[in-house]
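J.: Okay, handing you the structure first.
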Amino acid sequence: MEERRVKSVELKPFQRFIHFLVMKNVVPRFRKRDTTSYMDLIYIDHLIARRLVNLPRVMMRHMSYVISVKDHELPYGNWLTMVFEEFGVPLVDKKGEEPTILRRHFSQCAN
């Protein structure tokens, strides 16, 4: 049986708003914003029903997926910057250039 994607315009206004929040903050993406994935619907349901979601796990799984796909950028740049600064990770090298974070740095994450 083929998975049917639900278009966001088919959602009720409140569900569409929650989908917007999920798409922008929980599992950010830059493509296919007009459709909801199966996982989007689960996140929407959990948020509306006020069920707990393990957000760090969701974020790590999403980062793991994005790293495995070659043409995506690493999400959560604003959050990662705050964490790196909190733990004293230099974000600028001695030459004033931004250091490169390689895919191998995240290879053990979200397994």
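The values are calculated or read from the model by the stated rules, or taken from the named source; none is laboratory data. Just so we're clear, the structure is a prediction, and the values are computed from it rather than from any experiment. As a convention, Cβ positions derive from the backbone with ideal geometry for all residues, glycine included, and neighbour counts pool all protein chains shown. The protein model used for the area step is the full one, side chains on, heavy atoms only, and it has no ligands, DNA or RNA in it. Shrake-Rupley method; radii C 1.70, N 1.55, O 1.52, S 1.80 Å.
J.: Can you list the helices (runs of 4 or more DSSP H) found entirely within the range 14-95 that contain at least 1 residues being polar (S, T, N, Q) and open to solvent by 90 Å² or more (accessible area, probe 1.4 Å)? Break it down into steps so the answer makes sense when it comes.
T.: Working: elements: 38-48, 55-68, 77-86.
Where helices (runs of 4 or more DSSP H) fall fully within the range 14-95 and carry at least 1 residues being polar (S, T, N, Q) and open to solvent by 90 Å² or more (accessible area, probe 1.4 Å), they are 77-86.
J.: Do you know which residues across the range 44-71 are under 30 Å from Leu91 (Cβ atoms) and more than 11 Å from the chain's Cα centre (by Cα)?
T.: Hits for the range 44-71 are Val53, Asn54, Ile67, Ser68, Val69, Lys70, Asp71.
J.: Here's a follow-up. Quick one: what pairs do we get from the range 70-81, first residue of a type in the set (A, V, I, L, M), second not in a helix (DSSP H, G or I), C-beta under 8 Å, 6+ apart or different chains?
T.: Filtered contacts from the range 70-81: Leu74/Ile101; Leu80/Leu74.
J.: Name the pairs whose Cβ atoms lie under 8 Å apart, with the first residue in the range 42-68 and over 14 Å from His19 (Cα atoms), the second open to solvent by 90 Å² or more (accessible area, probe 1.4 Å), and 6 or more positions between them or separate chains?
T.: Pairs found: Met59/Trp79; Ser64/Asn111; Val66/Glu73; Ile67/Arg103.
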